[in-house]
Amino acid sequence: MATWKTILKLFCRCYGNRRARFAALFSTETTMYELPKTVKVVEVGPRDGLQNEKVFVPTAIKIEFINRLSETGLSVIEATSFVSPKWIPQLADGKLVMKGIARRPGINYPVLVPNLKGLEAAIEAGANEVAVFSTASESFCRKNVNCSITETLEKSNQVVQKAKVVGIKVRGYVSCVVGCPYEGPIKPTAVAEIAVKMHQMGCYEISLGDTIGVGTPGTIREMLTEVLKHLPEIGRASCRERV
């Protein structure tokens, strides 16, 4: 059975060398027998990638992008988000994208939603899984979504409770789990606090994101150790890194 150290090495890059991202897998401390039999990959390119493009990517191209990803063997493809077009105009066509993709059996196509209005739009578009988000950095939260951590958690809880009623699963994102562009290093206790609250409200899976790519095996280990003190039973916590 894979240990958390092995999983840590699988997800986290080696300090100072992106090409050595998986070198730790083959250190003397790790054997091939310790590696997990499966690794869940959540592809977020159609959402997290395209929302950062300077120009609007045509809807037809987004649909084709997702359809091609569906042919690669992925089991989860985050298709879009239902956020106000004022904030993310690049994904203003989320409903058209969800209606236009060729959904394949065995593949989930979750979408990101910030509030109840976003959830309602996602439901109308036929989404069967959504993701909510918060961050371990107050400064990042205010600059990124223009509200406090407490406010994001309140909105997330509203989404989760409504989603439960209609039978939609919810994942939770926690960003800036080791470092923030405004506050610097983030305390592991801050990450654990957000993860616990997301778990308590009903998120079936929690993604811990190294948003700005500053994590090292040491800082990720410290963070995960703290989170797992409080959530030893969750079983579904993943590490996410921006490449």
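The alpha-carbon of residue 117 sits under 16 angstrom from the alpha-carbons of these aspartates and glutamates, leaving out residues fewer than 8 places away in its chain: 93, 129, 151, 154.
Region 64-97 and region 208-234 have Cα centres lying 28 Å from one another.
Computed from backbone phi with θ = phi - 60° and the Karplus coefficients 6.51, -1.76 and 1.60, the 3J(HN,Hα) list for region 81-87 is 9, 10, 10, 3, x, 4, 8 Hz; x is used for glycine and proline. Taking the square roots of five times each eigenvalue of the Cα gyration tensor of region 132-177, the equivalent ellipsoid has semi-axes of 22, 10, 6 Å, listed largest first. Taking every protein chain into account, the 1.4 Å probe leaves residue 174 with about 0 Å² of accessible area, to the nearest ten. For residue 103, the accessible area of its heavy atoms, probed at 1.4 Å with every protein chain present, is near 100 square angstrom. Remark on region 166-232: ratio of C-alpha radius of gyration to 2.2 N^0.38 Å is 1.13.
For residue 178, nonlocal amide neighbours, meaning residues 5 or more places apart or on other chains whose placed amide H falls under 5 Å from its own, are 211.
Placing dummy labels 7 Å off each Cα toward the beta-carbon, the span from residue 158 to residue 68 is 3.9 nm.
Along its three principal directions, the equivalent ellipsoid of region 37-97 from the Cα gyration tensor extends over semi-axes of 22, 12, 9 Å, largest first. Remark: the residue 76-residue 120 segment gains 13.7 nm on full extension, using 0.36 nm per residue and subtracting the alpha carbon distance. Per the Cα gyration tensor, region 72-194 maps to an equivalent ellipsoid with semi-axes of 26, 15, 15 Å, ordered largest to smallest. Label-to-label distance, residue 229 versus residue 54, with points set 7 angstrom from Cα along the beta-carbon direction: 4.5 nm.
In this structure, the amide hydrogen of residue 169, modeled 1.01 Å from its nitrogen in the peptide plane, lies closer than 5 angstrom to those of 130, counting only residues at least 5 positions away or on a different chain. Phi angles across region 35-45 convert, under the Karplus curve 6.51 cos²θ - 1.76 cosθ + 1.60 with θ = phi - 60°, into 3J(HN,Hα) values of 5, x, 6, 9, 10, 7, 10, 9, 7, 10, x Hz, Gly and Pro given as x.
The values are calculated or read from the model by the stated rules, or taken from the named source; none is laboratory data. The structure displayed is predicted, hence computed values, not measured ones. All Cβ positions, glycine included, derive from the backbone under ideal geometry; neighbour counts span all protein chains shown. Each accessible area value is taken on the protein alone, full model and side chains, heavy atoms only, with ligands, DNA and RNA left out. Shrake-Rupley method; radii C 1.70, N 1.55, O 1.52, S 1.80 Å.
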